[in-house]
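The values are calculated or read from the model by the stated rules, or taken from the named source; none is laboratory data. Predicted model only: the values in this text are computed from it and were never measured. Glycine gets a Cβ as well: all are built from the backbone with ideal geometry, and neighbour counts include every protein chain shown. Note: areas computed on protein heavy atoms with side chains; ligands, DNA, RNA excluded. Shrake-Rupley method; radii C 1.70, N 1.55, O 1.52, S 1.80 Å.
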Amino acid sequence: MTTWRVLTWNILGSRQPNLDVISEVIAGYSPDVVALQEVQQRQARGLARRLRWHVIWTRKHYPFTPLLWWRAEGLAILTPESVGEMISVSISPGTSTWTYRHRVAMAATVTRGGEALRTINTHLASHDADDRIAQARRVAAIIGARRPAVVAGDLNAVDEVEVIREFGTAGLMDPGGDSSNPSIAPVRRLDYVLVPESATVTARLTPDGGERWHTLSDHLPVLVEFSV
């Protein structure tokens, strides 16, 4: 069996968090794979440079104009391992890339010592449960026969079993976890790492929150360790 440590974190990049501290937190968890949401491309590259890791990034939407390309918000996968086979898919068809309501999923294969893990990073809709269910279904379809796989990200699903159930069709399960938002005093579980149904979960880590975390983001990082 192979053990993987997967961390997800919505870092609220528009608020320009301290990348030195963000990178220190990530390194402290010793993950094999990190899925970031609400991260700008230059921030993702800056974190990869600090960690001396590989990074891939995809745009979710332009909050202003392409002329301010560096303000575009997106998703990133970072890893100290080999990474490739990246794809990016819109999961909110018909929604303009000029609005934050546009949603995407990115997938990449992380390889360590000959073992591969297909990693899907996404950020589901925040306002409509039906949209989240439809988007979850589209994300699950991306996985196909690529196993083992994980889905990590800000699913915006508070006690919404209908959303999580969609990932069961792709052979994934929710290992459970703690509240991750707001970071100063978390009361909602929005951030998930969904693992293969055959996996043995050996650790689930979410900090308690507080002022220190609030200065970094409105979300807390979530890490799941599992063997498969």
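With the checklist (1) in contact with a strand residue (DSSP E or B) (Cβ under 8 Å, 6 or more places away or on another chain); (2) modelled with pLDDT of 95 or more; (3) within 20 Å of Ala76 (Cβ to Cβ) in hand, flag the one item Ile143 doesn't pass.
(2)
Here's a check for you: in the stretch 166-193, which residue that is polar (S, T, N, Q) and open to solvent by 20 Å² or more (accessible area, probe 1.4 Å) is farthest from Leu36 (Cα to Cα)? Can you show your working first?
Step one: filter the stretch 166-193 for residues polar (S, T, N, Q), giving 169, 179-181, 183.
Keeping just the survivors that are open to solvent by 20 Å² or more (accessible area, probe 1.4 Å) gives 169, 179.
Details: Thr169: 24, Ser179: 17 Å.
Only one residue tops the list, namely Thr169.
Of the conditions (1) in a helix (DSSP H, G or I); (2) within 15 Å of the chain's Cα centre (by Cα), Asp130 satisfies every one except a single condition; which number is it?
The failed condition is (2).
In the stretch 194-228, how many residues are over 19 Å from Ile26 (Cβ atoms), out of contact with any Leu (no Cβ under 6 Å at 6 or more places or on another chain) and either open to solvent by less than 40 Å² (accessible area, probe 1.4 Å) or without any contact (Cβ under 8 Å) to a residue 24 or more places away in the chain (or both)? Outline the logic, then answer.
Step one: filter the stretch 194-228 for residues over 19 Å from Ile26 (Cβ atoms), giving 194-202, 211, 227-228.
From what is left, the residues that are out of contact with any Leu (no Cβ under 6 Å at 6 or more places or on another chain) are 195-202, 211, 227-228.
Subsequent filtering for residues that are either open to solvent by less than 40 Å² (accessible area, probe 1.4 Å) or without any contact (Cβ under 8 Å) to a residue 24 or more places away in the chain (or both) retains 195-196, 199, 227.
Looking only at that region, the number is 4.
A quick yes/no check of all residues on (1) within 21 Å of Ile77 (Cα to Cα); (2) assigned to a strand (DSSP E or B):
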site	(1), (2)
Ala125	yes, no
Ala134	no, no
Val150	yes, yes
Glu162	no, no
Ser179	no, no
Ser183	no, no
Ser198	no, no
Thr202	no, yes
Asp208	no, no
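Just checking, which of Ile26, Ile11, Ile22, Ile56 is crowded, with 18+ Cβ neighbours inside 10 Å, out of contact with any strand residue (DSSP E or B) (no Cβ under 7 Å at 6 or more places or on another chain) and modelled with pLDDT of 95 or more?
Sole residue among the options that is crowded, with 18+ Cβ neighbours inside 10 Å, out of contact with any strand residue (DSSP E or B) (no Cβ under 7 Å at 6 or more places or on another chain) and modelled with pLDDT of 95 or more: Ile22.
For a quick check of your reading of the model, give me the residue pairs whose first member lies in the stretch 41-54 and is in a helix (DSSP H, G or I), whose second is hydroxyl-bearing (Ser, Thr, Tyr), with beta-carbon atoms closer than 7 Å and at least 6 apart or on different chains.
Note: pairs meeting the criteria are Leu47/Ser23; Arg50/Ser23; Leu51/Ser23.
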